1. Do you know which residues across region 246-264 are at pLDDT 90 or above and under 15 Å from residue 212 (Cα atoms)?
2. Given the condition over 25 Å from residue 45 (Cα atoms) and either out of contact with any strand residue (DSSP E or B) (no Cβ under 6 Å at 6 or more places or on another chain) or modelled with pLDDT under 80 (or both), answer yes or no: does some residue in region 83-90 qualify?
3. Give the residue, chosen from 181, 202, 173, that is without any contact (Cβ under 8 Å) to a residue 60 or more places away in the chain, over 20 Å from residue 233 (Cβ atoms) and surrounded by 13 or more Cβ atoms within 10 Å (Cβ to Cβ).
4. Looking at (1) at pLDDT 90 or above; (2) under 27 Å from residue 134 (Cβ atoms), can you tell me which one residue 27 breaks?
5. Is there any pair with a first residue in region 244-263 that is farther than 18 Å from residue 224 by Cβ and a second that is modelled with pLDDT of 80 or more whose Cβ atoms are under 6 Å apart and which are 6 or more apart or on different chains, and what are they?
6. Residues that are within 29 Å of residue 155 (Cα to Cα) and in contact with a helix residue (DSSP H, G or I) (Cβ under 6 Å, 6 or more places away or on another chain): list the helices (runs of 4 or more DSSP H) wholly contained in region 184-290 that include at least 1 such residues.
7. What number of residues within region 48-85 are loosely packed, with under 13 Cβ neighbours inside 10 Å and over 26 Å from the mean Cα position of the chain (by Cα)?
């Protein structure tokens, strides 16, 4: 006779480790704590879920779920392999972190010689996720150094490794990557998420510019111009495209010419496509007024122009710059 005890998953008891309450919970954000407890409940009850479902159940944004998952993974509470998620056994993890000298970081590497924050969980998470648990000791010191030098929180360090997981991980390359993020002033998860969203927009704009100009691929120097227009000037594709159209009528248009146009617009405080279009219209009307005034003063010259054919004037890349600036001065 088979005996089965029916238990409702909704009313099931959840086992929560004392290690979690004592060591992890005080440092977790509110959303991350809710996500972890929900994952723990689902995992022990055999319920399947995903990030969108978690966002709906917990009543938070999907971006908050993603940030919370990254925080949990950076602290070693969970790990992910493809679409599979694993909740770590905290007792085994505690023993492995503290009593396995072959793969555990040295105590001075975890806390820093100046008694800085304990990043053992971050180091373990990076080692397990990106090095198969076999990260060399040299990496430990570098990671602590980068985090302290640039003021990265643990989650940002983990996210930077995650962003470069498809590239060969070597310390010289990662040093340059960390320097780049440090120069951008990225310190928190919110700043990182904002940067990644902005980067996604930039990539789309860069692709449209390359397609319109039939340049594939763009050179490093051409990309520098686009980065300047997007990040420094704050211009979207609508304004950049207006500059490309303005330069299209010139002989041998170049990125230097486009940059001159956009720099002039930025210096003039033009920050919307509508303002730029109005500026272009005013410039053209002023140019037409000057031409009409010149024709009225020299009617004979006008007649000669109408009765004879002249070769079209040749423009060089600097023509726009000089004409544009003279008109601004006037």
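The values are calculated or read from the model by the stated rules, or taken from the named source; none is laboratory data. Bear in mind that the values here come from a model prediction, so they are computed numbers and not experimental data. Neighbour counts run over all protein chains shown; Cβ positions are idealised from the backbone, glycine included.
1. Answer for region 246-264, where residues must be at pLDDT 90 or above and under 15 Å from residue 212 (Cα atoms): 255, 258.
2. Within region 83-90, none of the residues are over 25 Å from residue 45 (Cα atoms) and either out of contact with any strand residue (DSSP E or B) (no Cβ under 6 Å at 6 or more places or on another chain) or modelled with pLDDT under 80 (or both).
3. 181 is the lone residue from the list that is without any contact (Cβ under 8 Å) to a residue 60 or more places away in the chain, over 20 Å from residue 233 (Cβ atoms) and surrounded by 13 or more Cβ atoms within 10 Å (Cβ to Cβ).
4. Every condition holds for residue 27 apart from (1).
5. Partner pairs satisfying both residue conditions: 246/261.
6. Once the helices (runs of 4 or more DSSP H) in region 184-290 are filtered for at least 1 residues that are within 29 Å of residue 155 (Cα to Cα) and in contact with a helix residue (DSSP H, G or I) (Cβ under 6 Å, 6 or more places away or on another chain), what remains is 189-212.
7. Residues meeting the conditions: 1.
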